[in-house]
1. Residue 92 fails exactly one of the following numbered conditions: (1) under 19 Å from residue 126 (Cα atoms); (2) modelled with pLDDT of 95 or more; (3) of a type in the set (Gly, Ala, Ser). What is the number of that condition?
2. Only one of 119, 53, 41, 100 is of a type in the set (Phe, Trp, Tyr), farther than 24 Å from residue 6 by Cβ, part of a strand (DSSP E or B) and at pLDDT 95 or above. Can you tell me which?
3. On the basis of being in a strand (DSSP E or B) and surrounded by 19 or more Cβ atoms within 10 Å (Cβ to Cβ), does residue 106 make the cut?
4. For residues in the stretch 56-90 being outside any strand (DSSP E or B) and under 24 Å from residue 135 (Cβ atoms), which is farthest from the chain's Cα centre (by Cα)?
5. Any idea which residue in the stretch 109-123 is nearest to residue 79 (Cα to Cα), counting only those that are surrounded by fewer than 20 Cβ atoms within 10 Å (Cβ to Cβ) and over 15 Å from the mean Cα position of the chain (by Cα)?
6. Looking at 33, 15, can you tell me which residue is under 22 Å from residue 131 (Cα atoms), among the hydrophobic types (A, V, I, L, M, F, W, C) and part of a strand (DSSP E or B)?
Amino acid sequence: MSSDQRTRATAKIEVHTYEPETYENSGGGTDLVEIHVTEAFHGDIEGEGVVRFLQAIRGDGSASFVGIEQVSGSIADRSGTFLLQDAGTVDGSVVSGTWFVIPGSGTGGLAGLRGEGGFTAKLGQAADVTLDYWFE
């Protein structure tokens, strides 16, 4: 399958743990925080994810973040692991962002996985996610 033959996977993410740790406190400006998260995927993507985010939190509570997540699970009856590179924002109570599969990161039945998509959630609720994927 090539990139012009993509399949859309949809899923929900349920966060199990959310552990923020401030590593640069600005004293009223923009704080820098590292967040360790574990979560579960349910839907066309089934499995567990472990991610570390770096987040810049502004004084008004809005934020920008980047992260890398290792997903262990299955897509389309193929099992293995892969890495997602995330980037997004927190605006009010809405978290949203985009991600892509890091090329060459798929293992097992997910070797050769490529794709891109995104996610949206209300703070404290399950995220709706998409991944338009293909295999090289």
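1. Against the list (1) under 19 Å from residue 126 (Cα atoms); (2) modelled with pLDDT of 95 or more; (3) of a type in the set (Gly, Ala, Ser), residue 92 comes up short only on (2).
2. From the options 119, 53, 41, 100, the qualifying one is 53.
3. no
4. Among those residues, the one meeting the criterion is 77.
5. Of everything passing the filter in the stretch 109-123, 109 is nearest to residue 79 (Cα to Cα).
6. 15
The values are calculated or read from the model by the stated rules, or taken from the named source; none is laboratory data. These numbers were taken from a predicted model, which means no experiment stands behind them. Note that we place each Cβ from the backbone using ideal geometry, even for glycine, and neighbour counts take in every protein chain shown.
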